[in-house]
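The values are calculated or read from the model by the stated rules, or taken from the named source; none is laboratory data. Quantities reported herein were computed from a predicted structural model and do not represent experimental measurements. Note: ideal-geometry Cβ built from the backbone for every residue, glycine included; neighbour counts use all protein chains shown.
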Amino acid sequence: MKAEERVCLIERLEQLRGSKVLVYFSYTQLNDNILVPLYKQLKEIGHTKKIDLVLHSYDGVVDTSYKVVMLIREFCEEFAVIVPTVAKSAASMLVLGADEIVMGPISELGPIDPLVKHPVFQDTLVPVQAVWHCLDYLQRSLINSPDPKVTSFMVTQLLNKLDPWLIGNYEKTIKASRQYAETLLSRYMLKDNLDKVENVTRALTEEYFSHGYPIGRREAKELGLKVTEAHGELWDLIWKLYLGYEELFNTEEN
């Protein structure tokens, strides 16, 4: 698909939605490198009533997600996120700062489970919840073991591989995720349903045990998030735009 075709799709999407459309499509981690290009684009658009962000991202830094929401909201009164296929982990955090999520039949959010460096293999990223559940498992093993001395010896060997600073940093990351989620939900997504904030935060940060768990549009609605289901021409445009950017990325890689 040529660039001109993608521009035409975006312009038609803007007409249907009464908005200005931004696109973030990436297979790499969402991080602060996005902020300056985003600011330049927002300055070019200027302050407008409504901004739609077409978002395709698997993970990233939760601090960045919060910064992106705050930056976009400096330039608009209403903010919506359009999810063609995936907005996972830190990208799901970003979604919580919107007033509306537009999802189709293949769209999915995910648990807010940031990735951190493996304590031994520094080039490997692991979900922070995996470390947390490991520590929880070791604690339960000590409590329930028929032979505490043997278990204690085994557990000690494992814990010796973990730097206390790292464990503290993992705990801070989990708490930061909860804090950001509560703040964004309270200010924006659930500002009219504050009684739901605590439950939604807990669900997204604690109650899904797979990092890749797919939260589709129906489940997102059941959680209490403000989801608009895309049908007809709206979904056709979103899907064609997704395919256009997917093709672009595949061409660049080859």
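Tabulated data
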quantity: Matching option when the condition is closer than 14 Å to residue 188 by Cβ, surrounded by 23 or more Cβ atoms within 10 Å (Cβ to Cβ) and touching a residue at least 24 places away in the same chain (Cβ under 8 Å), among 62, 69; calculated: 69
quantity: Residues of the range 199-210 satisfying the condition of being assigned to a helix (DSSP H, G or I) and either surrounded by 15 or more Cβ atoms within 10 Å (Cβ to Cβ) or of a type in the set (A, V, I, L, M) (or both); calculated: 200, 201, 203, 204, 205, 206
quantity: Contacts under 7 angstrom Cβ, first residue in the range 221-233 being of a type in the set (Gly, Ala, Ser), partner surrounded by 15 or more Cβ atoms within 10 Å (Cβ to Cβ), 6 or more apart; calculated: 224/190; 224/196; 224/200; 230/102; 230/103; 230/104; 230/238
quantity: Filter result for the condition that a residue is farther than 25 Å from residue 204 by Cα and of a type outside the set (Ser, Thr, Tyr), over 78, 5; calculated: 5
quantity: Residue check for residue 14: within 22 Å of residue 188 (Cβ to Cβ) and either hydrophobic (A, V, I, L, M, F, W, C) or not in a loop (DSSP other than H, G, I, E, B) (or both); calculated: yes
quantity: Single residue of the range 211-254 satisfying the filter (in a helix (DSSP H, G or I) and among the basic types (Lys, Arg)) that is surrounded by the most Cβ atoms within 10 Å (Cβ to Cβ); calculated: 217
quantity: Number of positions in the range 32-57 that are surrounded by 17 or more Cβ atoms within 10 Å (Cβ to Cβ) and either of a type outside the set (A, V, I, L, M, F, W, C) or outside any strand (DSSP E or B) (or both); calculated: 7
quantity: Selected residue [crowded, with 17+ Cβ neighbours inside 10 Å, farther than 22 Å from residue 210 by Cα, modelled with pLDDT of 95 or more and within 13 Å of the chain's Cα centre (by Cα)] from 87, 80, 98; calculated: 98
quantity: Pairs where the first residue, in the range 171-195, is of a type in the set (Ser, Thr, Tyr) and the second is assigned to a helix (DSSP H, G or I) and surrounded by fewer than 16 Cβ atoms within 10 Å (Cβ to Cβ), C-beta under 7 Å, 6+ apart; calculated: 186/194
quantity: Some residue of the range 5-15 being touching a residue at least 12 places away in the same chain (Cβ under 8 Å), farther than 30 Å from residue 218 by Cβ and out of contact with any strand residue (DSSP E or B) (no Cβ under 6 Å at 6 or more places or on another chain); calculated: yes
quantity: Tally, over the range 38-67, of residues that are under 13 Å from residue 22 (Cβ atoms) and touching a Gly at 6+ places or on another chain (Cβ under 8 Å); calculated: 1
quantity: Criterion violated by residue 240 - all others in (1) in contact with a strand residue (DSSP E or B) (Cβ under 9 Å, 6 or more places away or on another chain); (2) within 15 Å of residue 85 (Cα to Cα) satisfied; calculated: (1)
